[in-house]
1. Can you confirm whether Ala181 is surrounded by fewer than 20 Cβ atoms within 10 Å (Cβ to Cβ) and either in contact with a Pro (Cβ under 6 Å, 6 or more places away or on another chain) or not in a loop (DSSP other than H, G, I, E, B) (or both)?
2. So which residues in region 86-106 are of a type in the set (Lys, Arg) and away from the ligand (no atom under 16 Å from the Cβ), if there are any at all?
3. Quick one: which residue in Gly177, Gly184, Gly201 is on the phi > 0 side of the Ramachandran plot and at pLDDT 95 or above?
4. Looking at region 155-169, can you tell me whether even one residue there is within 16 Å of the ligand (Cβ to nearest atom) and either in a loop (DSSP other than H, G, I, E, B) or on the phi > 0 side of the Ramachandran plot (or both)?
5. Among the residues of region 315-331, what is the count of those that are surrounded by fewer than 23 Cβ atoms within 10 Å (Cβ to Cβ) and among the hydrophobic types (A, V, I, L, M, F, W, C)?
6. Does region 80-100 hold any residues that are in contact (Cβ under 8 Å) with a residue 40 or more places away in the chain and assigned to a loop (DSSP other than H, G, I, E, B), and which are they?
7. Testing Thr170 on (1) without any contact (Cβ under 8 Å) to a residue 60 or more places away in the chain; (2) in contact with a Gly (Cβ under 9 Å, 6 or more places away or on another chain), one condition comes back false. Which one is that?
Amino acid sequence: GGRGSAAVVQDDAARGGAADGAAQGSLDLAPPRGTRDFYPPDMRVRNWLFGKWRDEALGHGFEEYDAPVMESEALYIRKAGEEVTQQLYNFDDKQGRRMALRPEMTPSLARMVLAQRSTLPTPVKWFAIPQCWRYERTTRGRRREHYQWNMDVWGVPTVHAEAELLSACTAFCTRVGLGPADVGVRISSRAALSELMRALGVPDALFTRTCVLVDKLDKIGGEEVRVQLLQLGLPDGVCTSLFETMRITTIEALAERLGGESEAVAQLRLLFELAQEYGYADWLQLDLSVVRGLSYYTGVVFEGFDRKGELRAIFGGGRYDRLLESFGAEPMPAVGFGFGDAVIAELLRDKGLLPSFERGASGVDAVVLALDPALAPHAVRAASTLRAAGRRVDLVLEPKKPKWAIKHAERLGAPALVLIGKDEAERGMVSVKLLDKGEQSELPVEQLVDAIPRGADR
Ligand SMILES: OCc1cccc(Br)n1
């Protein structure tokens, strides 16, 4: 609860207030449209969430990487009409170079892997939590930025890689208190749909755009998708067979349609077997109507969803074995997912699982106050000694009364208040007040560190 969660899911009402200032021609205090400020309580929620993501990624043996938020626009020019490339946050830099704020991390990752492919040991198992951008007509007041946990495996051609990524997603959800009754994962395979369409004689060249159109089913409905598939050049019979296949919900039925030799079926069988071993099989369901909206997926694709069906996808991913070819290079097998910060925060808040971080979250172990401005050097020495010993200290920087310092320490949730008094200081002593115990004791400065407990989280 509390303001923290509101900021992760920006509530425009609060922002509207700040934006009103602009009406009088003063500085607009709201963040740019579609973006969020993270005040300290919001930042504690964000650090908590990113910390859980990082724990899970490291727990799966992945290494962290990063790349510039700004890339050459060329990295994202794809002809398949995806939303993510049609809403590029792009611009000319001062040399007139076409640049863009990254709408996703995968192309940057592909660029980094390609740049070092001759020396990079495989498999590559990397993760990042990049801020990603889109420029959407703000008619819908939607956000223009979000943070998206990415995990990718390069160099592994079989679904053992997908199984590891699904393990990270489901284990993260479990770690934050969600279970298979809250979250499901739809598993699909573009390879299966590709085998079907090849069997029906559809040219490969139409496959990618077919998937991008099929991904719009939920938005524009089956009839409109059929119309656009026909316009793309798919015969009516193929559309019908495609829609029938997408209604299949068991691997057996898919095997009947694609034949016993289907590689796509074999990989799906193996994935569901591995899921049993990991213990997350009951999170999964086969759903061939899922194709995901990125043109470069080629194999298994998947998306996490809330079982109440109130929210957009929680996470999504898939295999993209041919992305390097689109960069004019030899292909390398790859699979990855993106996990946005907004939907998960909304789901956790709805389920009361988002920590509130209200009182005492500052993590300060002690407040240090000089009872007289002339004693500031003693207060500085006490604070520095405590900090050198790993304690988190808030040093009061101006003349304040003990009453104020006690209230300040309570607001910070600091368990201790160190008071530097004149005659104590002359005797090399300080006073320590343990607020939750209401005790106050006087002790030699040398014993100060041991008198201040270190925060539980460290
Ligand atoms: O998931 C699509 C997307 C990409 C960039 C920024 C935002 Br907000 N959303």
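The values are calculated or read from the model by the stated rules, or taken from the named source; none is laboratory data. Bear in mind the structure is a predicted one, so any value in this text is a computation, not a measurement. Please note: Cβ atoms are built from the backbone with ideal geometry, for glycine as well, and neighbour counts cover all protein chains shown.
1. no
2. Lys94, Arg97, Arg98
3. Of Gly177, Gly184, Gly201, the one residue that is on the phi > 0 side of the Ramachandran plot and at pLDDT 95 or above is Gly177.
4. Scanning region 155-169, I find no residue that is within 16 Å of the ligand (Cβ to nearest atom) and either in a loop (DSSP other than H, G, I, E, B) or on the phi > 0 side of the Ramachandran plot (or both), so the answer is no.
5. Counting residues in region 315-331 that are surrounded by fewer than 23 Cβ atoms within 10 Å (Cβ to Cβ) and among the hydrophobic types (A, V, I, L, M, F, W, C) gives 3.
6. The answer is Ala80, Gly81, Glu82, Gln87, Leu88.
7. (1) is the only condition that Thr170 fails.
For every residue, the table says whether it meets (1) outside any loop (DSSP other than H, G, I, E, B); (2) closer than 23 Å to Tyr280 by Cα.
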{"site": "Thr298", "(1), (2)": "no, no"}
{"site": "Gly304", "(1), (2)": "yes, yes"}
{"site": "Leu311", "(1), (2)": "no, yes"}
{"site": "Gly316", "(1), (2)": "yes, yes"}
{"site": "Leu348", "(1), (2)": "yes, yes"}
{"site": "Pro355", "(1), (2)": "no, no"}
{"site": "Val364", "(1), (2)": "no, no"}
{"site": "Val367", "(1), (2)": "yes, no"}
{"site": "Ala376", "(1), (2)": "yes, no"}
